[in-house]
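Asker: Here it is, the structure in full.
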Amino acid sequence: MGRYVLRRLIQVIPLIIGITIITFGLANLVPGSPISSLEFNPDITPADLARIKQSLGLDQPLYIRYFQWLSHVARGDLGLSLVTYRPVMQSILEKLPNTLLLTGTALAFAILISIPVGIYAAVRRNSWFDQVATVGAVAGFAVPTFWLGLMAILLFSVRFSEWGLPSLPSGGTYTLGSSSIVDRIQHLIMPAIVLGFVYMASWTRYIRSQMIEVLRQDYMRTAEAKGLIRRAVIFRHGLRNAVLPLVTLLALDLPGLFGGSVIVEQIFSWNGLGRFILDGVQKRDYTVVMGTTLFISILVVVANLLADIAYGLLDPRIQYE
Amino acid sequence: MAEAGREAAAQAAQRPLLSNHLTVAERVAARSYLQQSWLRFKRNRLAIAAGVLVVIIFCFGFGAPLISKYVTHVGYADQTLLDRFKHPGQAGYLLGTDNLGRDVLTRLAYGTRVSTMVALLAVVSALTIGGTLGSLAGYYGRWVDSVIMRFVDIMLSIPALFLLIFIGALFTISSTTLALVIAAVSWMGLSRLIRGEIMSLKRRDYVEAARVVGASDTRIIARHIVPNVLPIVIVWATLAVPVFIIVEASLSFLGLGVQPPVPSLGNMLNGAIAFMDQSWTLIFIPGFMIYVMVLAINLFGNGLRDALDPRLGEHQ
């Protein structure tokens, strides 16, 4: 097990280095530099310009600047925001819990619905439940997340309050001045369900097809022949094998989940990393944009690593590949 | 006795064979792989209906100028603030008007056209990039494969939307460059697919046999590799179009894609948020259009995949 973990860890390092190269490269492809506005100023002599350039380190070749930047990043220093002058890392760490809360709840929602529905649909194949579930999954998979979010706000916030029904708040992480859990849950429930909706649909289909595959296996027939009751056969032997590949699918869908959180955070004014990077884009705050992209990518890499290790723990066959 | 046997045989002849999902009569009639695929596809009524819907929507989108001229009788210059927020059906506007008095149906047609063109261009670009890299990695293997697949892993780790937002922040994007940028972050899945398929094809007996007989590389590629990779590529391309439509709509929704006043289904939604209480149809209609397009193309693509290789869809 230790060798497997070590191998995965070693594979991760060039991945992270590659990500930093791409991020840095893209940011430096922008025409112009921090001092390009100075270049048009007639009062600044070329000697002054050269001196300013040297003091900012801009006269160094690109690869030296890359290593200087990398040494800062390795120490956790992602620079200062060009707008607020606050350290980017600090802002990221402040908003990270909100994004993790949203993404985590969406994941939990998707998993908690897709596994039971998928398995039941597979066990009772071609029953009305299966037909409804399959149609629902196909229909749900195609729904655009931003449209779903807006329609949800329209219905549950605007229309419900018009009709006098209890309505859900349409934005924000919590109501100012209120610290109750109920309030936070009220704010969380709509964005989380909207974010997890597409994944719930797609994973239901996946689990259903995996379970159908598992049910055909010989070991299921053996278990039933041994005399186990049907439910024990399904849960003890079938469930684990059907659900395990979901870990891999989850890891593959994780970047998409973070991307989706950008949109959901924008619609629901959720104070997370997605909205942070969008605000940075609108204000042309390049340090924020670059730092957040880098942070999220590394987060995804780490999450994939954890998923791989978890999969190795759950399925011992993988370790010996 | 004999009749019962004959009846059972007749019934069995109507049922599809498990291995290729065709009945006996169809199997006898069809000779080539393409004919078999067409017969399988014809039986999938849902996919056919979805395909027809897709064609209708494409015509709706690409015929936008015609719709503007003959159906709605309004063009860009006919917008008037006096007609703001008309409901669908009011004052002759079939789907109502938006906050600037522009006819929603016309904008919907033009928006569909823009979104579809961006998506199609992105698919073609992604096919070029992903197809080339995947084929190189699959065919030459070893260090070429390692380098390319490492690159694919790196690109896959950066969430696509973040990368797109990043690029959108740095450079101003026109519609064409938008398509190229979307392709630049989406080619990875295709390259993996192609690489895997070519690698498994290289080891097949008939390829080895062809090499032993002395077939040139070009002949092997043209006669053995390309026809086997093509169905996978076609299915990927068909299922990629709705993904790209949603990506383009998301980006336009965030303000980073197609810029107003050029209508795109995404920025129509964006512009309607501020007027949510005045007209909910402004939000519902463009989003619903996206939904129907994506659903139809997905169903058609699934049907295509089941027709081209029934083994792929056997779990369903």
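The values are calculated or read from the model by the stated rules, or taken from the named source; none is laboratory data. Values in this document were obtained by computation on a predicted structure and should not be read as measured data. Don't worry about glycine lacking a Cβ; one is built from the backbone with ideal geometry, like all the others, and counts go over all protein chains shown.
Asker: Being in contact with an Asp or Glu (Cβ under 6 Å, 6 or more places away or on another chain) and free of Cβ contacts under 8 Å to residues at least 60 places away in the same chain, is that true of even one residue in segment B:43-52?
Answerer: No, segment B:43-52 has no match at all.
Asker: Sticking with this structure for a sec: Tally time: how many residues in segment B:128-171 are within 12 Å of chain A (Cβ to nearest Cβ) and either part of a helix (DSSP H, G or I) or of a type in the set (Phe, Trp, Tyr) (or both)?
Answerer: 23
Asker: Identify all residues within segment B:246-284 that are under 23 Å from A:GLY136 (Cβ atoms) and either surrounded by fewer than 21 Cβ atoms within 10 Å (Cβ to Cβ) or more than 9 Å from chain A (Cβ to nearest Cβ) (or both); write none if there are none.
Answerer: B:PHE284
Asker: Take segment A:136-148 and flag every residue that is more than 10 Å from chain B (Cβ to nearest Cβ) and either under 17 Å from A:GLY171 (Cβ atoms) or surrounded by fewer than 17 Cβ atoms within 10 Å (Cβ to Cβ) (or both).
Answerer: Correct list: A:GLY136 only.
Asker: In segment B:227-245, how many residues are among the aromatic types (Phe, Trp, Tyr) and within 9 Å of chain A (Cβ to nearest Cβ)?
Answerer: 0
Asker: Residues that are of a type outside the set (Lys, Arg), under 21 Å from the mean Cα position of the chain (by Cα), part of a loop (DSSP other than H, G, I, E, B) and at the interface with another protein chain (Cβ under 9 Å from one of its Cβ atoms): does segment B:289-305 have at least one?
Answerer: no
Asker: Just checking, which of A:MET211, A:MET151, A:MET200 is under 30 Å from A:ARG231 (Cα atoms), modelled with pLDDT of 85 or more and within 13 Å of chain B (Cβ to nearest Cβ)?
Answerer: On the way: A:MET151 fails: under 30 Å from A:ARG231 (Cα atoms); A:MET200 fails: within 13 Å of chain B (Cβ to nearest Cβ).
Unique residue meeting the criteria: A:MET211.
Asker: Would you pick out the residues in segment B:8-34 that are of a type outside the set (A, V, I, L, M, F, W, C) and either under 30 Å from B:ARG113 (Cβ atoms) or surrounded by 13 or more Cβ atoms within 10 Å (Cβ to Cβ) (or both)?
Answerer: Result: B:PRO16, B:ASN20, B:HIS21, B:THR23, B:GLU26, B:ARG27, B:TYR33.
Asker: For segment A:141-172, how many residues are in a helix (DSSP H, G or I) and hydroxyl-bearing (Ser, Thr, Tyr)? Outline the logic, then answer.
Answerer: Of segment A:141-172, the ones in a helix (DSSP H, G or I) are A:141, A:145-162.
Subsequent filtering for residues that are hydroxyl-bearing (Ser, Thr, Tyr) retains A:145, A:157, A:161.
Total satisfying the criteria: 3.
Asker: A follow-up question, please. On the given criteria, is A:VAL247 more than 14 Å from chain B (Cβ to nearest Cβ), in a helix (DSSP H, G or I), within 28 Å of A:GLY104 (Cβ to Cβ) and among the aliphatic types (A, V, I, L, M)?
Answerer: Considered against the rule, which asks whether it is more than 14 Å from chain B (Cβ to nearest Cβ), in a helix (DSSP H, G or I), within 28 Å of A:GLY104 (Cβ to Cβ) and among the aliphatic types (A, V, I, L, M), A:VAL247 comes out as yes.
Asker: Which of the residues spanning segment A:260-270 are more than 7 Å from chain B (Cβ to nearest Cβ) and part of a helix (DSSP H, G or I)? First the steps, then the outcome.
Answerer: Keep residues of segment A:260-270 that are more than 7 Å from chain B (Cβ to nearest Cβ), which gives A:260-261, A:264-265, A:267-270.
Once the filter is applied, which keeps residues that are more than 7 Å from chain B (Cβ to nearest Cβ) and part of a helix (DSSP H, G or I), segment A:260-270 yields A:GLY260, A:SER261, A:VAL264, A:GLU265, A:ILE267.
Asker: Out of A:ALA133, A:ALA121, A:ALA137, I need the residue that is under 24 Å from the mean Cα position of the chain (by Cα) and not aromatic (Phe, Trp, Tyr). Which one?
Answerer: Only one candidate qualifies: A:ALA137.
Asker: Ok, one more. Taking the condition of being surrounded by 15 or more Cβ atoms within 10 Å (Cβ to Cβ) and part of a loop (DSSP other than H, G, I, E, B), how many residues in segment B:43-87 meet it?
Answerer: 9
Asker: Can you run down the residue pairs with Cβ atoms below 7 Å, 6 or more apart or on separate chains, where the first is in segment B:116-141 and at negative phi and free of Cβ contacts under 8 Å to residues at least 40 places away in the same chain and the partner is of a type in the set (D, E, K, R) and in a helix (DSSP H, G or I)?
Answerer: Filtered contacts from segment B:116-141: no entries.
Asker: Collect the residues in segment A:80-119 that are in contact with a strand residue (DSSP E or B) (Cβ under 9 Å, 6 or more places away or on another chain) and of a type in the set (Ser, Thr, Tyr), keeping them in residue-number order.
Answerer: A:SER81
Asker: So B:LEU180 clears everything in (1) closer than 19 Å to B:ILE158 by Cβ; (2) within 13 Å of chain A (Cβ to nearest Cβ) except one condition, right? Which one?
Answerer: Just one mismatch for B:LEU180, condition (2).
Asker: Of the residues in segment A:16-61, how many are more than 14 Å from chain B (Cβ to nearest Cβ), within 26 Å of B:ARG150 (Cβ to Cβ) and modelled with pLDDT of 80 or more?
Answerer: Residues in segment A:16-61 being more than 14 Å from chain B (Cβ to nearest Cβ), within 26 Å of B:ARG150 (Cβ to Cβ) and modelled with pLDDT of 80 or more: 0 in total.
Asker: Now for a separate question. Give the residues of segment A:271-314 that are of a type in the set (Val, Ile, Thr) and at the interface with chain B (Cβ under 7 Å from one of its Cβ atoms), sorted by residue number.
Answerer: A:ILE277, A:VAL281, A:VAL289, A:THR293, A:ILE296, A:VAL300, A:VAL301
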